[in-house]
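Worksheet: one structure, shown below.
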Amino acid sequence: MDNNELRKEYWQPELETMPREQLRALQVKKLQDTLRICLNSPFYSERLGKLGITPESIQTVEDIRKIPFTTKQDLRDAYPFGLVGGNMDDAIRIHSSSGTTGRPTVVAYSRHDIDSWANMIARDMYMVGCRKSDVFQNSSGYGMFTGGLGFQYGAEKLGATTVPAAAGNSKRQLLFIKDFGTTCLHAIPSYAIRLAEVFREEGVDPRDTKLRTLFIGAEPHTEEQRRRIERLLGVKAYNSFGMTEMNGPGVAFECKYQNGMHLWEDNYIVEIVDPDTLEPVPDGEMGEMVLTTLDRTMMPILRYRTRDLTRILTGECPCGRTHRRIDRIKGRTDDMFIIKGVNVFPMQVEKILVQYPGLGSNYLITLETIDDNDIMKVEVELDEMSTDVYPELQKMTRDIQRALRDEILLTPKVMLVKKGSLPQSEGKAVRVKDLREGRS
């Protein structure tokens, strides 16, 4: 292919098809530059200083193992800006994710960081056929959540016409898709199914619209669910991976072949480790993903334990990109679960429940799929209160639901049950029962 032909296939052909040896050399240089920034942060200057780690300590990609892991707890303990190695005068945005203790994990971004992130998402969108002639509609939430603004800036970088519809109001989403000629849509999987229902309720065939491409992520889903979404909406649905600590969406993305997500190794170093021994596992073997940022100037993060379980897919991709592919996320090594794109920890629920003196200490969170919608049910035992005091119980139920909605950003079904009616565990208490399709 000549340069013009390459440009038609790749957003940045020189980077996307870079030979592996050159790509690894680029990673070493970028990791050295990243370390120089990290050593200006209170957190890393102390941690790396104690070990005598400097940029010169890194001569190969494998040398990254000299660096300690960073955890979500480290980010919470260093809240808000303990990991910032750049000058906060140069920060132009702050994003955060929810936490278990009311103290979120925070990431600060420089202009360079935002531009790099936007370019990465533009690369993702271009990879699956989106061009500046497309109309991109974003049904993700905006604000501190990275999904909205991340895709917004990426689509604008691509040059597409953008429709920042935000989350919810499904009839309006459908109206925009029809009237604006939307060709590409970003949605979490469960909402994509809901949107298909609204199409049916309104008597509109999605195939009569211009919609043809869907970007899905933010919550676990099965291959069967993806294929069903494609049938319902008449689109090709592409998986994406991202997390706030690593920028947000766009870290890894499927190409047209839908055979794993290319993780952009000019921006990240990916490791797959045994979650128990923390030693690297061979390509193709399941383990915990560890990520290091390589192109952030404000708040780089080294060897971040994502807690996500996946594997490196072996072999070359027919698309010609040399960046390695990861499999879809299979689960997590901690107790966090994702529902409707929201990260929830059992401790967040427990924090609310302990505020009500009439409740016991035993509770159970059940996740299930009903009519293609993921539902969260919270059952909690009463202490000494009688289940016959209906007005009082109804008021407490409503109060708990409101408090939980404020804490976890979605409203679960709350049920107050008799003391001793929930299962008792001899060992560690089982707090979450996930009965959703494809997760048993």
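The values are calculated or read from the model by the stated rules, or taken from the named source; none is laboratory data. Keep in mind it's a predicted model, so treat the numbers as computed, not measured. Quick reminder, even Gly has a Cβ in these numbers, built from the backbone with ideal geometry, and neighbours come from all protein chains shown. Accessible surface is based on the protein model in full, side chains and every heavy atom, while ligands, DNA and RNA are left aside. Shrake-Rupley method; radii C 1.70, N 1.55, O 1.52, S 1.80 Å.
Brief remarks follow.
- Hits in the range 21-41 (condition: over 27 Å from the mean Cα position of the chain (by Cα) and in contact (Cβ under 8 Å) with a residue 40 or more places away in the chain): L39, N40
- Contacts under 6 angstrom Cβ, first residue in the range 337-349 being on the phi > 0 side of the Ramachandran plot, partner not acidic (D, E), 6 or more apart: K340/S190; K340/L410; G341/I188; G341/A218
- Filtering the range 313-338 to residues that are assigned to a strand (DSSP E or B) and open to solvent by 10 Å² or more (accessible area, probe 1.4 Å) leaves L313, R325, G331, R332, F337, I338.
- Test: residue in the range 45-52 that is of a type in the set (S, T, Y) and within 25 Å of I272 (Cα to Cα): no
- Output for the range 62-75, where each listed residue is assigned to a helix (DSSP H, G or I) and surrounded by fewer than 17 Cβ atoms within 10 Å (Cβ to Cβ): E62, D63, R65, K66, Q73
- Index of the failed condition, S96 passing every other in (1) open to solvent by 10 Å² or more (accessible area, probe 1.4 Å); (2) more than 18 Å from V251 (Cα to Cα); (3) at pLDDT below 95: (2)
- In the range 123-159, the residues that are acidic (D, E) and either in contact with a Cys (Cβ under 9 Å, 6 or more places away or on another chain) or buried (at least 23 other Cβ atoms within 10 Å of the Cβ) (or both): D124, D134
- Entry remark, the range 160-197: residues being open to solvent by 60 Å² or more (accessible area, probe 1.4 Å) and within 23 Å of the chain's Cα centre (by Cα) number 4 in total.
- Number of the condition not met by F69 [criteria: (1) in contact with a Lys or Arg (Cβ under 9 Å, 6 or more places away or on another chain); (2) within 16 Å of R296 (Cβ to Cβ)]: (2)
- Against the conditions (1) closer than 27 Å to V198 by Cβ; (2) surrounded by fewer than 23 Cβ atoms within 10 Å (Cβ to Cβ), F253 satisfies every one except (2).
- Within the option set M376, M396, being surrounded by 16 or more Cβ atoms within 10 Å (Cβ to Cβ) and out of contact with any strand residue (DSSP E or B) (no Cβ under 6 Å at 6 or more places or on another chain) holds for one residue only, M396.
- Taken over the range 382-392, the criterion of being open to solvent by less than 40 Å² (accessible area, probe 1.4 Å) and at pLDDT below 90 is satisfied by T387 alone.
Results for (1) touching a Ser or Thr at 6+ places or on another chain (Cβ under 8 Å); (2) closer than 18 Å to D134 by Cβ; (3) in a helix (DSSP H, G or I); (4) in contact (Cβ under 8 Å) with a residue 40 or more places away in the chain, shown as yes or no for each residue.
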site	(1), (2), (3), (4)
T182	yes, yes, no, yes
I193	no, no, yes, yes
R200	no, no, yes, no
V204	no, no, no, no
R207	no, yes, yes, no
L211	yes, yes, no, no
A218	yes, no, no, yes
R227	no, no, yes, no
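- Hits in the range 408-422 (condition: of a type outside the set (S, T, Y), surrounded by fewer than 16 Cβ atoms within 10 Å (Cβ to Cβ) and at negative phi): L410, K413, M415, K418, K419
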